[in-house]
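Just so you know, all these numbers are worked out from the coordinates, no wet-lab data involved. Just so you know, these numbers come straight off a predicted model, no measurement behind them. Cβ placement follows ideal geometry from the backbone for every residue including glycine, while neighbour counts extend to all protein chains displayed.
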Amino acid sequence: MIAVAILIPWLALMLRGRIFQGIICLFLQLTLIGWIPAAIWAVMVINNDNQERRHRELIKALGQK
């Protein structure tokens, strides 16, 4: 998924369910200068989503004991 975020940042955001952010990212990516910030933004969103998922799984595992 990180590769998609670097190559096609707007698609990575839309696949994560962030449609509005994906549209903004697409407009940002249309400029050559904006592609690098868009890719960084998409990677950060994916990493944040993964952290939140791990956090929820940890809280769920701790609550089951």
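To test your reading of the geometry: what angle, between 0 and 90 degrees and rounded to tens, separates the Cα axis of helix 19-29 from the longest principal axis of the chain? So the helix axis and the longest Cα principal axis differ by about 40 degrees.
The packing ranking, built from the mean of other Cβ atoms within 10 Å per residue, places the peptides 9-20, 47-58, 25-36 in the order 9-20, 25-36, 47-58, highest first.
Please give the contour-minus-distance gain from ARG54 to MET1: 0.36 nm per residue of separation, less the Cα-Cα distance, rounded to one decimal in nm.
Contour length minus Cα-Cα distance gives 17.5 nm.
The angle between the Cα long axis of helix 32-63 and the main principal axis of the chain comes to about 10°, on a 0 to 90 degree scale.
Note on the chain: Cα-Cα pairs beyond 14 Å make up 56% of the total pair count.
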